[in-house]
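Heads up, the thing below is written out as structure tokens.
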Amino acid sequence: MRKLIFIAVLLSFGVSCQEVEKVQPTLVKVASKMFEPEADIEFNGEYLVFPTPESFKKTYASLINSDPQSVREWSTKLGFNSTRMIYETALEEQEKYLSNLLSQYKSFSSGDPRLKVKPIIVQPDFVKVHAYLLDFDSEGLIWRPKLSNYDMTALVNKDGLVKVAGHLFQYNKDNTKIIVGGDPGKITNLVNVNETNEKLNIVVNPTNHEFVKKGQKELQSETGRIWYDYWNQSNHWPDPSAETTNKYYMNYEVHISISSYPLYGTTPICEPEGCGQARTSEAMECNCYYPIIGYIGFSRFENHMETRKSWMDLINTGYHSLENTIAVDYKILNDPTIYHASYSQDEYVNTYLTIYDGTPAIEFVCGDHDFYSMFLYDYYIPSNTLERTVNVSWCD
């Protein structure tokens, strides 16, 4: 069961992840947050359709840091195979493959030369087919969805598409493309449009960030940090039990990005002219959308960690730890307050925490991150646990 633990939050475009307060001495544990989407969302067989800006805003706000199982159940009920559903299925297929590979290697005799060489990972067919949606680590294992906004992965299809307020959006790793007016006939043009094309009426908003597999990348303004990315792997921790061939470790990431989000007018535009009025023919087609009247900058601050178990430093499988917690103290530009956000979940391999997602775009100037996990190394003795915390800190 997942638990949402939070103390502080910032304002966003309808996305309130936490509540603004100064850090308290102890965390306040709150019951799991269930995903509660708006009732007017439709699935047209290809992508989700949000009829109004408000419908999307409220659904997205509910999605952030919500229980993953409730999100999956909603997608399944709609029959919608989101990017997140594909990612989760790919993880399941990968772990089945690794489990079978582990069983095979454990059957080898102690002198078998194959035990001296790390096997080459050959991902299952499902993972190969959807590899374009995923980022992989140096060993060929799935790290995360390629789309940098983890929350958005639950709302877009395999092509990154979602329709909001009459416009078609394609969310990509490095940009967001908008087909103004939502003409589905222009979807095939998206692959060749990498900057705003007024003739096609396609807007391209870049996302300023860069994913890296080791070390860090950052960009600073004169006064604060605009985007920042850090990825690393913790040291392996030996299993304290007699099973000395097992080791545990964490992968973890801190990511800040900045982009722009549309501002909408309040009165829909319907085309062709007059079609929004009483129809003279049922066959008359009418396309309505809320006009985009401008764009506003927004920033996103996300953390991610995963727990894995290594056997003889040969085969690494996903490990469902007893608890994963990400706890962050952070500061923003021109604000002396220290904010705190924390998120815990039980018995999951991957944990994601969205600290801030919204407007206005915020420049973060300090972050102190604790990635904590509790490993159970003896299933017969529940008290036999191994607890580890990895800290990542940065300040401008």
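The values are calculated or read from the model by the stated rules, or taken from the named source; none is laboratory data. Owing to the predicted nature of the structure, the values given are computational and were not obtained by experimental measurement. Neighbour counts run over all protein chains shown; Cβ positions are idealised from the backbone, glycine included.
Only one of these conditions is not met by residue 354: (1) in contact with a helix residue (DSSP H, G or I) (Cβ under 8 Å, 6 or more places away or on another chain); (2) within 30 Å of residue 121 (Cα to Cα); (3) among the β-branched types (Val, Ile, Thr). Which number is it?
Of (1) in contact with a helix residue (DSSP H, G or I) (Cβ under 8 Å, 6 or more places away or on another chain); (2) within 30 Å of residue 121 (Cα to Cα); (3) among the β-branched types (Val, Ile, Thr), only one is false for residue 354: (2).
Starting from the stretch 268-292, keep only residues that are polar (S, T, N, Q), then list their pairs with residues that are at pLDDT 55 or above and outside any loop (DSSP other than H, G, I, E, B) whose Cβ atoms are within a distance under 8 Å, requiring at least 6 positions of separation or different chains.
Close Cβ pairs (under 8 Å, with a partner that is at pLDDT 55 or above and outside any loop (DSSP other than H, G, I, E, B)) amount to 287/270; 287/271.
Within the stretch 382-391, identify whether any single residue is free of Cβ contacts under 8 Å to residues at least 12 places away in the same chain, part of a loop (DSSP other than H, G, I, E, B) and either within 17 Å of residue 322 (Cα to Cα) or polar (S, T, N, Q) (or both), and answer yes or no.
There is at least one residue in the stretch 382-391 that is free of Cβ contacts under 8 Å to residues at least 12 places away in the same chain, part of a loop (DSSP other than H, G, I, E, B) and either within 17 Å of residue 322 (Cα to Cα) or polar (S, T, N, Q) (or both).
If I filter the stretch 105-158 down to residues being of a type in the set (Phe, Trp, Tyr) and over 22 Å from residue 76 (Cβ atoms), which single residue comes out as surrounded by the fewest Cβ atoms within 10 Å (Cβ to Cβ)?
132
Residues in the stretch 345-355: is at least one over 22 Å from the mean Cα position of the chain (by Cα) and touching a residue at least 60 places away in the same chain (Cβ under 8 Å)?
no
Would you mind listing the strands (runs of 3 or more DSSP E) fully within the stretch 281-370 where at least 2 residues are over 17 Å from residue 232 (Cα atoms) and of a type in the set (D, E, K, R)?
Counting at least 2 such residues, we get 323-332.
Out of 218, 222, 210, 195, report the one residue that is surrounded by fewer than 16 Cβ atoms within 10 Å (Cβ to Cβ), modelled with pLDDT under 85, assigned to a loop (DSSP other than H, G, I, E, B) and not small (Gly, Ala, Ser).
Testing whether each residue is surrounded by fewer than 16 Cβ atoms within 10 Å (Cβ to Cβ), modelled with pLDDT under 85, assigned to a loop (DSSP other than H, G, I, E, B) and not small (Gly, Ala, Ser) leaves just 222.
Mind listing whichever residues of the stretch 127-170 are within 26 Å of residue 117 (Cα to Cα), modelled with pLDDT of 95 or more and within 12 Å of the chain's Cα centre (by Cα)?
If the condition is that a residue be within 26 Å of residue 117 (Cα to Cα), modelled with pLDDT of 95 or more and within 12 Å of the chain's Cα centre (by Cα), then no residue fits.
Report every pair of residues separated by at least 6 positions or lying on different chains whose Cβ atoms are under 7 Å apart, first residue within the stretch 42-57 and without any contact (Cβ under 8 Å) to a residue 40 or more places away in the chain and surrounded by fewer than 21 Cβ atoms within 10 Å (Cβ to Cβ), second part of a helix (DSSP H, G or I) and not polar (S, T, N, Q).
Close Cβ pairs (under 7 Å, with a partner that is part of a helix (DSSP H, G or I) and not polar (S, T, N, Q)) amount to 43/78.
Please enumerate the residues belonging to the stretch 161-180 that are among the charged types (D, E, K, R) and either crowded, with 23+ Cβ neighbours inside 10 Å or without any contact (Cβ under 8 Å) to a residue 60 or more places away in the chain (or both).
The answer is 173, 174, 177.
Residue 282 versus (1) closer than 29 Å to residue 345 by Cα; (2) modelled with pLDDT under 90: which is the lone unmet condition?
(1)
May I ask you to say which residue of 93, 198 is closer than 30 Å to residue 269 by Cα and among the charged types (D, E, K, R)?
That would be 198, the only listed residue that is closer than 30 Å to residue 269 by Cα and among the charged types (D, E, K, R).
Which residue, of 296, 292, 355, is within 27 Å of residue 178 (Cα to Cα), of a type in the set (A, V, I, L, M) and surrounded by 22 or more Cβ atoms within 10 Å (Cβ to Cβ)?
Unique residue meeting the criteria: 355.
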